[in-house]
1. Could you run the Karplus curve 6.51 cos²θ - 1.76 cosθ + 1.60 with θ = phi - 60° over the stretch 6-22 and give me ³J(HN,Hα) per residue in whole Hz, x for Gly and Pro?
2. With loop defined by DSSP as not H, G, I, E or B, and exposure as at most 16 other Cβ atoms within 10 Å, which is the longest segment of the chain clear of exposed trypsin sites (Lys or Arg not before Pro)?
3. Restricting to Cα pairs below 8 Å that are 6+ residues apart, what does the relative contact order work out to for the stretch 1-82? Please round to a whole percent.
4. Quick check: Cα centre of the stretch 24-74 to Cα centre of the stretch 92-118, how many Å?
5. In debye to the nearest 20, how big a dipole does the chain give about its Cα centre with +1 on each Lys and Arg Cβ and -1 on each Asp and Glu Cβ?
6. Filter the GluC sites (Glu not before Pro) in the stretch 10-111 to those in DSSP coil with at most 15 other Cβ atoms within 10 Å of their Cβ, and list the result.
7. Among Val57, Val5, Val26, Val50, rank each residue by its count of other Cβ atoms within 10 Å, from fewest to most, as a rough exposure measure.
8. Once the dipole of the stretch 32-110 is set up with Lys and Arg at +1 and Asp and Glu at -1 on Cβ about the Cα centre, which of Tyr110, Ala72, Ala90 lies farthest towards its positive end?
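Bear in mind these aren't lab numbers, they're just calculated from the coordinates by the rules spelled out. Quick caveat, the model's predicted, so the values are computed rather than measured. Methodologically, a virtual Cβ is constructed for each residue, glycine included, from the backbone with ideal geometry; neighbour enumeration extends over all protein chains shown.
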Amino acid sequence: MQRLVTDPNEKLWGMLTHLLAFSTFVGIPLGNVVGPLIIYLIKKDEYEFVAEQGKEVLNFQITWSIIFIVSAILIIVGIGLIMLIGFGIAWLVLVILGSVAANNGESYKYPLTIKFLN
């Protein structure tokens with residue numbers, strides 16, 4: 001059975017771990033990985049929920065960074081742009097779903113994710 005987090009600070013830091021993936025849009029190279037990594041490193045020992053969700057977010061962001069790089073390369077053969085748009089929309093929806101779940105104190109497992117961190 002999944003544990004539901006009730007501590008508001010723990011939920012807030014868990015949600016921020018997901019939301020900081022958007023830092024890539026403010027000009028931070030690989031901000032989608034760097035933002036969540038910073039929260040994970042600072043708060044993982046303080047909050048079990050942040051440690052768990054931090055690993056989940058980092059695995060997802062690393063996996064999808066690879067997907068986006070491959071899609072960008074495939075622009076050369078014509079299919080990459082369609083892939084970037086489709087994967088971009090999916091990425092956006094999944095990050096929002098993860099953020100909402102964390103704000104509700106629920107663990108979120110991203111689909112289509114390689115487990116780099118256990």
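1. My calculation for the stretch 6-22 gives 10, 5, x, 5, 5, 5, 4, 5, x, 5, 4, 4, 6, 5, 5, 4, 6 Hz in order.
2. Working: sites that count: Arg3, Lys109, Lys115.
Between exposed loop sites, the widest span is 4-108.
3. Numbers: 80 pairs, mean separation 19.5, N = 82.
The normalised contact order for the stretch 1-82 reaches 24 percent.
4. About 11 Å separates the Cα centre of the stretch 24-74 from the one of the stretch 92-118.
5. On the way: 7 positive and 8 negative charges, 51 e Å.
Using only the charged Cβ atoms, the result is roughly 240 debye.
6. Values: sites: Glu10, Glu46, Glu48, Glu52, Glu56, Glu106; in loops: Glu46, Glu106.
Answer in residue order: Glu46.
7. On the way: Val57 32, Val5 22, Val26 8, Val50 28.
Exposure proxy ranking, most exposed first: Val26, Val5, Val50, Val57.
8. Of the listed residues, the answer is Ala72.
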